[in-house]
Every structure is written in C-alpha cells, then in structure tokens.
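Everything below concerns the one structure shown next.
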Amino acid sequence: MEAENLPIALRRGKRNLREVNYRAAESLKLPRASSSLVKDKLYPVTVLEQDSDRVKVHYVGYSSEHDEWKYGGELEDLEPEEGPATCSVYQPYSLYSNLRIKVKQALTCGRKSSPLVKIVMAFDLVQFSGGLQTVGVPSKKVQGVQHYQIKNYKDLNPWLGSYWHFRGLNANGDYGFVELETIDFCIRRSRSLVEYLPPSDHQLTPCKLSTDTGFSLSFCFVCNYGTAATFGKDKNIFD
C-alpha cells in the first residue's frame, strides 16, 4: 500500500509504508490460516478505506468478514527484515506484492502484438483460499482444476491494492489496462522436480528422486491500451 493512500497520521514522516500491521488484542479471535501469517501477534493487513483518523483494514489471508475500522494508534508499521524470509513465498505481502508488480510490468506498449498475458508464479494454497478465491466467481474446470473470474476490478483491491489493473505509460496520457472480462485465475499443484543421481556402490543404476514443488498460481488476462482522451475518464476502468 503506497503512502499517499494512507492517512497522514500513519505516514510517519515521508516513509513509504509497504506494510501496515495491527498488533491484535488478546481478545481478538482470528483463525490462524498459517503460522507464517502471525509472528508475535502481528497480523499483516491492507488498507481498504480511510477517514480523518481511522482506516478500514483487511487481514491478509482471511475472509472479508474480519474487516474492521482501526485508529492510527492501534496500527504499527514494520520494515521487512532482511534475509531469505523476506522473499519467502509464504510471506503473504510478498506473494500479492509480486503479483501486482507482474501485472503492472505486463501493461506495456511492447505487448500490443501479443495482448494475452499469462502470469505463473509460486503461491501458497492457504493464501489463495483466504484471498483471491474468496472473491473469485467459478467459471470453468480444466483437467479438474477450478478457474475463477471477478465481477469488478475492486474485488482484488484488498490484496493487490488500488489501481492494480492499469498503468500510465508516459506523460502524454497513454496507458495500458487489464480487460476485466478476460481475467482468469486458478491454482494448481506444480509438477514435481525429477532428477537422477549417478550410480553408486549400492545402486548400479541412476537413482530417481522426485521433489514436491508446492503450488503455482496462474493469472491470465488480455492487455488493452488507451490514450489521453480517456485517461482517468473511462468510468469502467478508473471508477
């Protein structure tokens, strides 16, 4: 969540808030979707709305029924720790932040000849079932895998942030955007990593090993383009 979308009281100077975490009260009873979601009773959240001194937060990985309004004093911003854990695919803010970046990167003029975009990335099943799947509308099944669509761009705002679906490309007002009706996403188990070890004294032939590689998210859409004449004016995109 970018700093300009947060109340001044939460910006702490000019620092850019990547994550806002709420220190849960002892009485707050939230189901723990994954041990990686909670550390020292800190719950990662995204900001949905704001007024003069409060923000409405969504707990990443949980259903929208847990969304609630909080005052600035009840929130704490944390700088991600350096190290492998920061980039772990089990960090919810890393997962959805990476997906947002990949969508934005695909919205470039260079894709005019190839408008279909398919993003495939490692993902956590718990984060999917508690996130994208909660707003996804089942559309079709392909080889037993359920695919989903959405009804509105804002459906994904709690996880991808505001304005995730378009990108201004230059100062002239040219922009790229995601065609809403073409969005299709699903999660599936990734293919196992198969490898062979050389023969040994106890194994005369190469030894076959198979390693589970977890799950992968497939997020597809068609990229379209607009000009200054409609930049910020097309209510179907910028509302």
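The values are calculated or read from the model by the stated rules, or taken from the named source; none is laboratory data. All of these numbers come straight from a predicted model, not from anything done at the bench. Every residue, glycine among them, receives a Cβ derived from its backbone with ideal geometry; neighbour counts consider all protein chains shown.
Results for (1) charged (D, E, K, R); (2) closer than 20 Å to Gln143 by Cα; (3) in contact with a strand residue (DSSP E or B) (Cβ under 9 Å, 6 or more places away or on another chain), shown as yes or no for each residue.
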{"site": "Tyr175", "(1), (2), (3)": "no, no, yes"}
{"site": "Asp184", "(1), (2), (3)": "yes, yes, yes"}
{"site": "Ile187", "(1), (2), (3)": "no, yes, yes"}
{"site": "Tyr196", "(1), (2), (3)": "no, no, yes"}
{"site": "Leu209", "(1), (2), (3)": "no, no, yes"}
{"site": "Leu217", "(1), (2), (3)": "no, yes, yes"}
{"site": "Tyr225", "(1), (2), (3)": "no, no, yes"}
{"site": "Thr230", "(1), (2), (3)": "no, no, yes"}
{"site": "Ile237", "(1), (2), (3)": "no, no, yes"}
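If the requirement is being assigned by TED's automatic domain parsing to the domain that holds Leu116 and either within 30 Å of Val57 (Cβ to Cβ) or free of Cβ contacts under 8 Å to residues at least 40 places away in the same chain (or both), which of these qualifies: Val222, Val135, Val145?
Working: Val222 fails: either within 30 Å of Val57 (Cβ to Cβ) or free of Cβ contacts under 8 Å to residues at least 40 places away in the same chain (or both); Val145 fails: either within 30 Å of Val57 (Cβ to Cβ) or free of Cβ contacts under 8 Å to residues at least 40 places away in the same chain (or both).
Just a single option satisfies the conditions, and that option is Val135.
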Checklist entry - For region 106-133, how many residues are modelled with pLDDT of 90 or more and in contact with a helix residue (DSSP H, G or I) (Cβ under 7 Å, 6 or more places away or on another chain)? => result 5
Checklist outcome for this item: If you go through Val103, Val55, Val47, the only one that is within 19 Å of Gly161 (Cα to Cα), outside any loop (DSSP other than H, G, I, E, B), over 19 Å from the mean Cα position of the chain (by Cα) and at pLDDT 70 or above is Val55
Next on the checklist: Condition first: under 15 Å from the mean Cα position of the chain (by Cα) and in a loop (DSSP other than H, G, I, E, B). Now tell me which residues in region 152-161 satisfy that.
Outcome noted: Gly161
Checklist entry - Got at least one residue in region 206-228 being hydroxyl-bearing (Ser, Thr, Tyr), over 18 Å from Leu107 (Cβ atoms) and loosely packed, with under 10 Cβ neighbours inside 10 Å? => result yes
Checklist outcome for this item: Asn152 meets each of (1) closer than 19 Å to Lys102 by Cβ; (2) touching a helix residue (DSSP H, G or I) at 6+ places or on another chain (Cβ under 8 Å); (3) not basic (Lys, Arg) with one exception, condition (1)
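So which residues in region 126-142 are assigned to a strand (DSSP E or B) and among the hydroxyl-bearing types (Ser, Thr, Tyr)? Before you say what the answer is, go through the steps one by one.
Keep residues of region 126-142 that are assigned to a strand (DSSP E or B), which gives 137-142.
Scanning region 126-142 gives a single hit, Ser139.
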